1. Does E7 satisfy being of a type outside the set (A, V, I, L, M, F, W, C), surrounded by 11 or more Cβ atoms within 10 Å (Cβ to Cβ) and not assigned by TED's automatic domain parsing to the domain that holds E129?
2. If you go through the stretch 115-134 one residue at a time, how many are touching a residue at least 12 places away in the same chain (Cβ under 8 Å) and in contact with a strand residue (DSSP E or B) (Cβ under 7 Å, 6 or more places away or on another chain)?
3. Scan G114, G88 and give me the residue that is closer than 30 Å to A9 by Cα and small (G, A, S).
4. Give me a count of the residues in the stretch 6-26 that are part of a loop (DSSP other than H, G, I, E, B), touching a strand residue (DSSP E or B) at 6+ places or on another chain (Cβ under 6 Å) and at pLDDT below 95.
5. Can you list residue pairs whose Cβ atoms sit under 7 Å apart, with the first residue in the stretch 20-40 being polar (S, T, N, Q) and the second being surrounded by 11 or more Cβ atoms within 10 Å (Cβ to Cβ)? Count only pairs 6 or more apart in sequence or on different chains.
6. Give the residue, chosen from G80, G106, G114, that is touching a Cys at 6+ places or on another chain (Cβ under 8 Å) and not aliphatic (A, V, I, L, M).
7. Residues that are modelled with pLDDT of 95 or more and in contact with a helix residue (DSSP H, G or I) (Cβ under 9 Å, 6 or more places away or on another chain): find the strands (runs of 3 or more DSSP E) completely inside the stretch 27-134 holding 3 or more of those.
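The values are calculated or read from the model by the stated rules, or taken from the named source; none is laboratory data. Please read all numbers here as calculations on a predicted model, not as lab measurements. All Cβ positions, even for glycine, are placed from backbone atoms using ideal geometry, and neighbour counts span all protein chains on display.
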Amino acid sequence: MKINDTEFATGCDLIEVTSLHRPDTAWRFVDAKGHEHRWYANGQPAATYRPETNFATPTLVWIKDGEEYWEDDDEPHDVGHLECRECGAHVKPGYKPDDCTQHIPGLRWFRINGESVSKEEFERRVEEERVRWR
C-alpha cells in the first residue's frame, strides 16, 4: 500500500513442511482384547491431517526397552515400544507420507520503502502517514 510517498508492505513467507512420515488419520487398530487405538488431535479422534496440529495416541504408553548408541554420537539414546495402556499389547501406530506439498505460515515481515522494520515501527509509521494524509 502506498500512503503519500511512502510504500508499506507486509507479508508472511510460507515454510514447506511436507513429510515422509506423518500420522495416518485413517489408521485404526483393535488389539486382541478389543481395545481400539487411533490418532487423536486436540482430544478428539483425528479426521484430517494438518501439519500444525499435535497428534497423539492416548490409549498407548511408551515403554523403554533399553539404550543404544548411534554412529558418531557418544550419548545413549532411549529405545522402546508402544503398548496398550490397558492390556499391554504391542501396537505400532499408522504413518504415511504426505500426498501433496504442505506449508505452514512462517514469520511475518514488514517493510517501508523496501527496508525491513519491526511490526511496531511499521504500525507507527502507517498511522503517522494516515494522519498526514487526512
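1. No: the conditions fail for E7.
2. So the answer is 6.
3. G114
4. 2
5. That search, which allows pairs on different chains as well, returns T25/W39; T25/A46; T25/Y49.
6. After ruling out the rest, the residue left standing is G106.
7. 103-112
Condition check ((1) surrounded by 12 or more Cβ atoms within 10 Å (Cβ to Cβ); (2) within 22 Å of M1 (Cα to Cα); (3) under 21 Å from the mean Cα position of the chain (by Cα)) across all residues:
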residue	(1), (2), (3)
P51	yes, no, yes
H90	no, no, no
K96	yes, no, yes
T101	no, no, yes
P105	no, yes, yes
E115	no, yes, no
